[in-house]
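In what follows, a single structure is set out as structure tokens and then discussed.
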Amino acid sequence: MSDRHKNIAPPAWDGHERRAQANRSGSRAVATPSFSSEPERRKRHLRPVWILLLFLLPCLALTFYYGQVVLPGGEDPDSFFPTTSYAFVLLLINLDLIGFVVLLLLLSRNLIKAYFERRHRLIGSGFRAKLVASFIGFSLIPTVLLALVASGLVNKAVDVWFSDQIDRVMRDSYEVAKMQHAGHITLAVNSARAISHEIFREDMLLPEQRDLLVVAMARKRVEFGVAGIEVFSSKMETLTKSLDQDVPPGVLDLPVGQLVLQAINGKQEANTVQEAQTGRLVRAAAPVAASGRGSEVGGVVVVDAYVPESLLAKMDGIGRQYEEYKQIKAMKNPIKAGAYLFVAVITLLIVFGATWFGFYVARSITVPIQRLAEATEAIAQGDLSVRIDAQATDEIGTLIDSFNRMTTDLQGSKSTIEAANVSLRQNNLELDRRRAYIETVVDTIAAGLLSIDKSGVVTNFNPSGERILRLFADRLRGRPANEAFKEFGLTLFQTIYDRMLQDQRDDMTLDGTIEVEGKFLTIALHGSRMKDEADQDLGIVLVFEDLTELLKAQKVAAWQEVARRVAHEIKNPLTPIQLSAQRMRKKFFEKAPDFERVFDESTNVIVNEVASLKHMVDEFSKFARLPAPQLTQQSLHDVVNEVVALYRGAHKDIDLVVTLDEDLPALKFDWEQIKRVLVNLLDNAVQAMNQKGRVWLTTHYDTKRRRAVVSIADEGTGIAQEDQEKLFVPYFTRKKSGTGLGLAIVRRIITDHEGQISAGNNQPRGAVFTFELPV
């Protein structure tokens, strides 16, 4: 960098002369463009001005404040020496004068500098001098005239503000407010005195005159227009009181005992002023002489005069405004001086601003082209942050604006590319963090997980899957799923994978057994289709669990329950059989004449109970030997219509309401077994209603889950809360003639069809059974 950039740069218009000197000396060195330091040169050029203004304006504000507010209130007319506030105001005035002098010096410096540039014939100096002179001339004449007119108006306005008429009005208002307050006191005192004389004259303090006293006080309160009248005995007992109901509550309840005691002890009139939240209460007490006892006090009359809060506020406001007016009037001359000073400051600021604006306009015309050339050189060297701050509206201004837009676009494109790179790196880091998190979750969950991409290749196999299937992930990962399933005998996985691909299902659940190292494991397998945000297929993920031990425990518990219930059901018919046999034996040994009748009855009981026991065993055998379903692609509505036709012909008192979903496609199921499910559920509904009522049979196709949903609802007695979890348990029934195996068989059939069944209460009454079958 050249030496001229290490020092404080001279004014911008000196650049032409410096370049001319460099060209004359034959220098080939390429200097760094000086336009980049132009804002800093301007800041350094204006810095003294700003510092001076920041110093001068607070001094002027403090001068005005102390001269108008503090000084008049702090003057001591009996003191010969000036107060501290007065000395401080003088100091501020001196500082203001110094600031104006320095401001004039700065202005003179620029004028002198322009004069010498004119004499040396620097480029643009002549035009600059003419432009500054024009600004000063055009602003000085109207500014001086405005200052003279403003000074006269200020003097006239101040004289009007503090005229004798205004002073007289303010003083009279203050006197009226004082008289108003004194009038309330006078009213209370005079009223108390007059009422006291009348009470004495009419002997109203006597007990037999008490009614007359009450009426007289009420009349006197209205007559004198007071807020209240209270009469007390010499023992400070309240004889009567008459209060104005329009007075706010609580005002007339202020304590009055001290005033009454003062009137009794002093035997003379007394008054007091009490303040309340809603106004002022003026009270006057007058003693009432005792009848026939000389100078003794027989009682006291207290008269209350109420001053409302609104009137009180106005009286206080008038007094406060009058005091403020007197203080301000004492500042008449300082106000005039401050106004003149303000007009002078404004005049100087206008002249100073016009001069400074002339320099600014001149600089904005002569400098832009030089700065444009230097900026072009900076861009050629790779600095895209360069901007030209020159303000112009002519062709040069248009050129500068185009240049700035060009550099902005270039820098914006560069910034956009850099921001895109940063964002891409951040996204990659975020993806890496998410991938690591997902891999951690997959590796630590207890369930096995196997994912297959849309091309059929195994992409992931977690450690839990390795533990369950006794297979290393390396033997599966990266291989086609069909090939891996076939090699390792994962028939259950192959089945659910093929069915999801064939039926285009989003999810599917399948239970089954597989052989692992010579052991058969019961696996619960759930498949879900993976999709991206655009709903594009990404593959299938299979989640599986080893249910072998869980099912063993469940089977043991289930068979224990079945054994208990079977034993209970067998024991029930054995009791009447035993009793019948014992009865026959007894009659036989007794040679009873009715032996034949007893023999016939007992054998009938034994035969019936054995038949019931045989029926129960047959039902249990059917449940235990329920065949595997023979799945065939067919319409579910056909079997529904067949069963409905049977019930409509056999049950005339049953209103069977059937609603079939026309969008339900054909599905795979065993005709006879599903028919048995429908018959069993409809039988239960009919029996729950005592062979009379309405039954609703509805089908629905859940397109999202690809499920056929069948609901059978009745309006019978419903399902008790405690029976909800026992409905599908073998041998559980609430019917006297039931075996408790019907719903267990229904659940077994639905489960064999890979479906689900549930039961609940219908609204407003009855029960509803719902089962689902995969489509």
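The values are calculated or read from the model by the stated rules, or taken from the named source; none is laboratory data. Keep in mind the model is a prediction, meaning the values are calculated, not measured. All Cβ positions, even for glycine, are placed from backbone atoms using ideal geometry, and neighbour counts span all protein chains on display. Heavy atoms of the whole protein, side chains included, go into the accessibility calculation; ligands, DNA and RNA do not. Shrake-Rupley method; radii C 1.70, N 1.55, O 1.52, S 1.80 Å.
Assorted remarks:
- Here the condition is being polar (S, T, N, Q), modelled with pLDDT of 75 or more and in contact with a strand residue (DSSP E or B) (Cβ under 9 Å, 6 or more places away or on another chain); of Thr278, Thr272, it holds for Thr272 alone.
- Filtered residues of the stretch 523-538 (kept if of a type outside the set (D, E, K, R), assigned to a strand (DSSP E or B) and farther than 22 Å from Thr444 by Cα): Leu538
- Residue in the stretch 767-775 that is at pLDDT 85 or above, more than 26 Å from Ala567 (Cβ to Cβ) and part of a helix (DSSP H, G or I) present: no
- Of the strands (runs of 3 or more DSSP E) lying entirely inside the stretch 657-720, those containing at least 3 residues that are under 21 Å from Tyr647 (Cβ atoms) span 693-702, 707-714.
- The set of residues from the stretch 638-660 being open to solvent by 30 Å² or more (accessible area, probe 1.4 Å) and under 15 Å from Glu772 (Cα atoms) comprises just one member, Leu660.
- Arg280 vs. criteria in contact (Cβ under 8 Å) with a residue 24 or more places away in the chain and either within 59 Å of the chain's Cα centre (by Cα) or closer than 19 Å to Val300 by Cα (or both): yes
- Of all residues in the stretch 685-711, those being more than 47 Å from the chain's Cα centre (by Cα) and crowded, with 16+ Cβ neighbours inside 10 Å number 8.
- Some residue of the stretch 200-210 being under 12 Å from Val302 (Cβ atoms) and surrounded by fewer than 18 Cβ atoms within 10 Å (Cβ to Cβ): no
- Among the residues of the stretch 586-613, those identified as assigned to a helix (DSSP H, G or I) and among the aliphatic types (A, V, I, L, M) are Val598, Val605, Ile606, Val607, Val610, Ala611, Leu613.
- Of all positions in the stretch 444-457, at least one carries a residue that is more than 22 Å from Thr509 (Cα to Cα) and at pLDDT below 85.
- Candidates Ala289, Ala270, Ala263 - the one that is buried (at least 16 other Cβ atoms within 10 Å of the Cβ), free of Cβ contacts under 8 Å to residues at least 40 places away in the same chain and in contact with a helix residue (DSSP H, G or I) (Cβ under 6 Å, 6 or more places away or on another chain): Ala270
- Neighbours by Cβ (under 9 Å, 6+ apart or cross-chain): first from the stretch 631-646, in contact (Cβ under 8 Å) with a residue 40 or more places away in the chain; second of a type in the set (Ser, Thr, Tyr) and open to solvent by less than 40 Å² (accessible area, probe 1.4 Å): Leu636/Thr699; His637/Thr699; Val640/Thr699
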